[in-house]
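Shown next, in structure tokens, is the structure this report addresses.
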Amino acid sequence: MDGLNGSVVSEFVLLGLSGSWETKVILTLTFSLLYLGIILGNLLIVFLVIADSHLHTPMYFLLANLSSNDIGASSTAAPRMISDLLKEHRAISFQSCMIQTCFIHALGGTEMVLLITMAFERYAAICKPLHYLTIMSPKTCVLLIVMSWVMGVTHAMSQFSFVINLPFCGPNEIDSFCCDFPRIIQLACSDAAKFEFVIAANSGFITIGTFFLLLLSYAFILVTVWKRSSGDLSKALGTLSAHITVVVLFYTPCIFIYMWPFPTSSVDKYMFIVDFAITPALNPVIYTLRNKDIKIAMQRLSKQGHHDRFC
């Protein structure tokens with residue numbers, strides 16, 4: 001059967017991890033627990049933000065959207081990665097591979113822009129407290145979320161439009177857990193050098209560009225606070241610490257993968273594990289442990305549930 005673009009290849013084989021049966025069983029259980037933690041942890045944050053009126057603020061509105069995005073991003077790769085660990089033949093159809101890749105890049109691009117909007121919200125809260133509610137109005141918050149999605153989808157579709165027209169006639173093995181544009185292009189039968197450049201420029205630009213914007217925003221916030229508080233940065237660092245931790249966890253694998261988008265080694269597939277299994281599982285923990293409002297909301301929810309049981 002021909003592929004979607006008239007190619008001979010109708011499926012790709014994901015090599016994933018090699019190892020003994022016992023190792024694969026342990027990894028399956030580990031990744032399953034991580035994925036369960038991703039779903040439950042991020043759903044808890046979304047539920048708390050919706051249910052607790054005290055969290056109906058721009059900061060937590062953006063946080064709930066980040067948690068929703070983490071659930072979606074992880075769900076594009078983690079379930080197949082888990083199910084494929086115990087399979088001998090890990091095949092994915094051409095169409096499914098393209099769909100998975102588009103979702104990975106759309107959600108990944110959306111998360112990058114979301115992190116910038118969260119940094120902007122922190123800038124408004126710390127540097128413009130008197131104008132905070134005007135700057136971060138409900139309309140502005142919705143526009144920021146829409147902009148994040150538009151940019152994420154545009155990023156994904158701009159790459160998809162190049163890749164979908166490439167001919168694939170073999171080989172069809174991808175040394176990873178999931179499909180990704182750089183890996184797919186390596187399997188094209190034509191000279192895809194110009195497409196490699198477009199993909200590298202696109203992914204590299206949005207990754208490095210948004211990362212430097214975040215660094216600049218943090219620097220600006222810290223300098224502003226340092227000037228106002230005569231060198232005392234402890235309050236600003238305390239406010240930004242959770243966000244900075246999440247940014248470092250998210251961007252480190254992305255920069256490693258897309259700074260060298262056509263690697264000869266298989267190290268980048270382990271970076272995918274960090275981005276799609278470990279980081280989304282840690283994000284709820286980071287925001288819960290370091291956020292007093294979330295802790296209080298959980299206590300209120302717990303007390304309300306206890307009260308309802310005895311009424």
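Taking the longest Cα principal axis of the chain as reference, the axis of helix 234-259 is set at about 10 degrees. Using the alpha-carbon atoms, what tilt in degrees (0 to 90, nearest 10) does helix 193-228 show relative to the longest principal axis of the chain? Once rounded, one gets 10 degrees.
Can you give the FRET efficiency for Ser83 and Leu133, using 1/(1 + (r/R0)^6), R0 = 35 Å, r = Cβ-Cβ distance, to the nearest 0.05? In this case the efficiency is close to 0.15. For Cys179, the accessible surface of its heavy atoms amounts to roughly 0 Å² (probe 1.4 Å, protein chains only, rounded to the nearest 10). Computed from Cα atoms, the angle from the helix 21-51 axis to the main principal axis of the chain rounds to 40 degrees.
So how much slack lies between Glu22 and Val142, counting 0.36 nm per residue of separation and subtracting their Cα-Cα distance, in nm? Don't skip to the answer; put the middle values down first.
On the way: separation 120, 0.36 × 120 = 43.20 nm, distance 4.78 nm.
Fully extending the segment from Glu22 to Val142 adds 38.4 nm.
Here the simple spin-label model places points 7 Å from the Cα toward Cβ, and for Leu40 and Leu289 these points are separated by 1.7 nm.
Stick to Cα atoms and the Kirkwood definition of Rh, then tell me Rg/Rh for the stretch 35-134.
Working: Rg = 17.6 Å, Rh = 15.7 Å.
Reported Rg/Rh (Cα atoms, Kirkwood Rh): 1.12.
Straightening the chain between Lys227 and Cys169 buys 14.7 nm, computed as 0.36 nm per residue apart minus the Cα-Cα spacing.
With the cut-off at 29 Å, tell me which of the pairs Lys139/Lys303; Lys139/Lys292; Lys87/Lys269; Lys24/Lys292 have Cα atoms farther apart than that. Mind dumping the intermediate values first?
Values: Lys139/Lys303 33 Å; Lys139/Lys292 26 Å; Lys87/Lys269 18 Å; Lys24/Lys292 39 Å.
Result: Lys139/Lys303; Lys24/Lys292 exceed 29 Å.
The heavy atoms of Met118 present about 10 square angstrom of accessible area, all protein chains included, probe 1.4 Å.
Amide H contacts of Glu11 (H built 1.01 Å from N, in plane; Pro and chain starts excluded): Phe94 sit under 5 Å, all sequence-distant by 5 or more or on other chains. Taking label positions 7 Å along the Cα-Cβ direction at both Thr154 and Leu215, the computed distance is 2.4 nm, reported to one decimal. Just name one of Phe211, Ser32, Cys169: the one whose Cα is farthest towards the positive end of the charge dipole of the chain (beta-carbon charges, Lys/Arg +1, Asp/Glu -1). The residue sitting most towards the positive pole is Phe211.
What separates the Cα centres of the stretch 199-229 and the stretch 89-131 is a distance of 16 Å. In the context of the full set of protein chains, residues of the chain present 49 Å² of accessible surface per residue (probe radius 1.4 Å, heavy atoms only). Ordered from highest to lowest accessible area with the whole protein assembly present and a 1.4 Å probe, Phe181, Phe197 read as Phe197, Phe181.
For the chain, what does -39500 (n - 2.57) per DSSP helix run (n ≥ 4), summed and divided by total residues, give at 222 nm, in deg cm²/dmol to the nearest 500?
-25000 deg cm²/dmol
Spin-label pair Ala51-Val13: with each label point 7 Å from Cα along the Cα-Cβ axis, the two points sit 4.8 nm from one another.
The values are calculated or read from the model by the stated rules, or taken from the named source; none is laboratory data. All values reported here derive from a predicted model rather than from experimental measurement. Every residue, glycine among them, receives a Cβ derived from its backbone with ideal geometry; neighbour counts consider all protein chains shown. Note: accessible area is taken over every heavy atom of the protein model, side chains too, but ligands, DNA and RNA are not part of it. Shrake-Rupley method; radii C 1.70, N 1.55, O 1.52, S 1.80 Å.
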